Each structure stands twice: as structure tokens, then as C-alpha cells.
Amino acid sequence: MNTTGDLWHHYGRVRATTDRTVPKTFRWTWNQDGGPGPEVLGPLTGRCVGELGAGTARHAAHLAVHHRPARVVAVDASPAQYAMATGLYGHLAPRLCTVLSDAVAHLHAMTHTYDVLYSVFGAVDFTEPRKLLPAAAAALRPGGRLVFSTRAHYPSGEHARDDVVPADIPARTPEGGAATMRRWVLKEHVWTRALEEAGFTEITIITPAAAGRGPRTAETLLASAVRRPRPPNSGRR
Ligand SMILES: C[S@@+](CC[C@H](N)C(=O)[O-])C[C@H]1O[C@@H](n2cnc3c(N)ncnc32)[C@H](O)[C@@H]1O
């Protein structure tokens with residue numbers, strides 16, 4: 001969190017007051033209206049699943065109710081998002097567990113724990129990939145899967161970057177003042193290289209089609225990667 005306060009204070013707040021339901025569907029696209037669903041995560045029954053940057057935890061709540069994971073851990077660094085997630089879905093514990101933490105710090109504390117990690121325009125978009133991706137690899141069991149959806153271009157229309165560099169995007173303080181936050185919007189080949197360097201293999205990146213073309217329509221990249229098994233005779237995880 002920076003000195004301007006919780007820049008996620010406003011996100012999802014209106015919906016949280018009007019819609020307390022567990023979503024019946026799970027989508028990866030920005031509009032939540034098309035493309036593949038949770039099957040991209042692979043088998044979930046009995047698995048330990050973590051969402052990085054879960055916001056109000058609607059996706060995590062869907063998995064907890066409509067699938068049979070051992071546990072879904074919804075991690076978010078924003079006190080406002082954590083409070084909304086806990087207020088909306090705290091009753092789904094212990095299958096759904098909401099955690100207030102920076103994703104990288106959480107992953108470092110959870111070495112070799114998760115079968116599946118995912119992010120829906122979440123922490124992967126807003127965290128230095130050279131920190132977050134290796135931490136995710138270390139928190140996954142060998143063969144575990146990371147899936148994330150991210151923007152294919154900046155909301156301003158600016159192109160995705162050719163290197164692992166962020167841009168400052170506009171944000172709002174809790175009081176409504178102007179602020180900025182860092183967002184990583186990277187080209188496919190840049191994500192692929194960053195994932196390889198972090199210890200992932202079997203990397204696929206697709207651009208799922210959105211159903212509508214409304215004002216919030218934005219192209220999505222959907223990346224899936226498997227944590228490389230530990231090399232034989234290697235002391236490294
Ligand atoms: C655009 S919102 C998406 C929330 C949710 N995944 C959704 O689809 O509604 C991004 C979320 O990522 C969280 N986030 C960003 N960086 C994070 C980090 N390093 N650790 C944990 N959460 C983070 C923010 O607090 C925010 O709730």
C-alpha cells in the first residue's frame with residue numbers, strides 16, 4: 001500500500017452493496033461475458049487453490065460453491081477489498097478463506113503448497129512479474145498450474161510493452177483525489193519469457209473472444225503455465 005491510501009477502495013463497491021450472490025459462472029474476460037471458464041484451471045476436486053488479487057472474491061466464491069476444491073484462498077492486499085470479500089463470502093469458510101496480504105509475501109510463506117494459482121486481472125497485473133512469477137512457482141507443487149487473465153493493451157489504448165516494464169495508470173484515492181498506480185501490460189512473448197525464466201513450462205497464451213462489444217470491452221490475454229518439476233539432483237526448488 002502506498003502513502004496515498006488504498007487505491008482499490010472504490011473498486012466493486014457499488015456491486016457489493018447490491019449483489020451479494022455467488023456468481024453462477026466464472027469467466028476470464030474483462031467483460032465476464034465470454035470465452036472459457038474454470039475448466040482452464042484443470043481438475044479442482046480436493047485441490048488447494050489460490051487466487052492472487054481476488055478483490056471481492058467473486059471468482060473464488062464461485063469455485064468454492066460450484067466445484068469441490070479442498071480450499072480456495074482468496075488473497076488481496078487491499079484492506080477495502082478484503083473487508084468486502086469477507087463481508088460477502090465469509091460464511092463460505094473454511095472452504096473459502098480470505099487473506100489480507102501482498103501476494104508475493106503470501107506466496108513466499110506458502111512454499112510448495114498450492115495445486116492451482118490464478119489471477120483475474122488481479123495481482124499479476126499490478127506486481128513486478130520478476131518477483132511475483134518466481135514466488136508463484138515456488139508456492140506451487142511441482143506440476144501445479146498458474147492461470148491468469150490480463151489485459152492485451154492498456155485501458156488508454158496504448159500498446160502492450162515489449163519488455164517487462166510497467167506504466168503508470170490513473171487511480172483514485174479513497175477521498176476521490178487523483179493518483180496513479182503501476183500496471184504491467186505485456187506482449188505475449190514477454191509474458192512467455194518471464195514465465196519460462198520463473199520456472200514454468202507448457203505455456204499457452206490465448207486471446208479469448210468476448211461475447212459483447214460494449215464500452216468496457218477490452219481484449220484479454222489468458223495465460224496458462226505449469227510449474228516445472230524440480231530438476232534431478234538440484235537443491236533448488
Ligand atoms: C482489477 S482488481 C481485480 C479483482 C478481482 N480479481 C476481480 O476480477 O474482480 C485488482 C485487484 O488486485 C489486487 N492486487 C494488486 N496487487 C496486488 C498484490 N501485489 N497482492 C495482492 N493483491 C493485489 C488489488 O488490491 C485489487 O483488488
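The values are calculated or read from the model by the stated rules, or taken from the named source; none is laboratory data. No experiment lies behind these values; they were computed from the predicted model shown. When we count neighbours, we look across all protein chains shown, and the Cβ atoms used for this are built from the backbone with ideal geometry, even at glycine. With ligands, DNA and RNA removed, areas are computed over all heavy atoms of the protein, side chains included. Shrake-Rupley method; radii C 1.70, N 1.55, O 1.52, S 1.80 Å.
Return the carbon/sulfur percentage of the accessible area of the chain, one whole number, probe 1.4 Å, all protein chains in place. It would help to have the intermediate numbers written out before the result.
Details: 5930 of 11200 Å².
C and S fraction of accessible area: 53 percent.
Full-extension gain between Thr17 and Glu39, please, as 0.36 nm times their residue separation minus the C-alpha to C-alpha distance.
Roughly 5.0 nm would be gained on extension.
DSSP beta bridges in segment 81-237, what fraction antiparallel, as a percent rounded to 5?
Details: 19 of 26 bridges.
Roughly 75 percent of the DSSP beta bridges within segment 81-237 come out antiparallel.
Suppose the chain between Thr201 and Ala93 were pulled fully straight at 0.36 nm per residue; how much longer would it get relative to their current alpha carbon spacing?
Numbers: separation 108, 0.36 × 108 = 38.88 nm, distance 3.29 nm.
The Thr201-Ala93 span can extend by a further 35.6 nm.
Using a basic spin-label model with each label point 7 Å from the Cα along Cα→Cβ, how many nm lie between Ala105 and Val165?
It is 3.0 nm.
Under 8 Å for C-alpha pairs, at least 6 residues apart: give me the relative contact order for the chain, rounded to a whole percent.
Over the chain, the number comes to 21 percent.
Between Tyr154 and His112, take the C-beta separation as r, use R0 = 45 Å, and let me know the FRET efficiency to the nearest 0.05. If you can, show how the numbers build up before the last one.
Working: r = 35 Å, r/R0 = 0.78.
The computed FRET efficiency comes out at 0.80.
Can you pull out the trypsin sites (Lys or Arg not before Pro) in segment 1-84 that DSSP calls coil and that have at most 15 other Cβ atoms within 10 Å?
In loop regions of segment 1-84 (DSSP not H, G, I, E or B), the sparsely surrounded trypsin sites (Lys or Arg not before Pro) are Arg20, Lys24.
Would you kindly state the longest site-free stretch of the chain, with sites defined as GluC sites (Glu not before Pro) in a DSSP loop (not H, G, I, E, B) surrounded by at most 14 other Cβ atoms within 10 Å?
With GluC sites (Glu not before Pro) excluded where exposed in loops, the chain gives 1-157 as its longest stretch.
I'd like the antiparallel share, as a percent to the nearest 5, of DSSP beta bridges with both residues in segment 1-122.
Of the beta bridges lying entirely in segment 1-122, close to 5 percent run antiparallel.
Using heavy-atom solvent-accessible surface (probe 1.4 Å) with all chains present, what is the largest-first order of His153, His189?
Descending accessible area places them as His189, His153.
For the chain, what does -39500 (n - 2.57) per DSSP helix run (n ≥ 4), summed and divided by total residues, give at 222 nm, in deg cm²/dmol to the nearest 500?
That comes out to -6500 deg cm²/dmol.
Tell me the per residue accessible area of the chain using a 1.4 Å probe; a whole number in Å² is fine.
It amounts to 47 Å² per residue over the chain.
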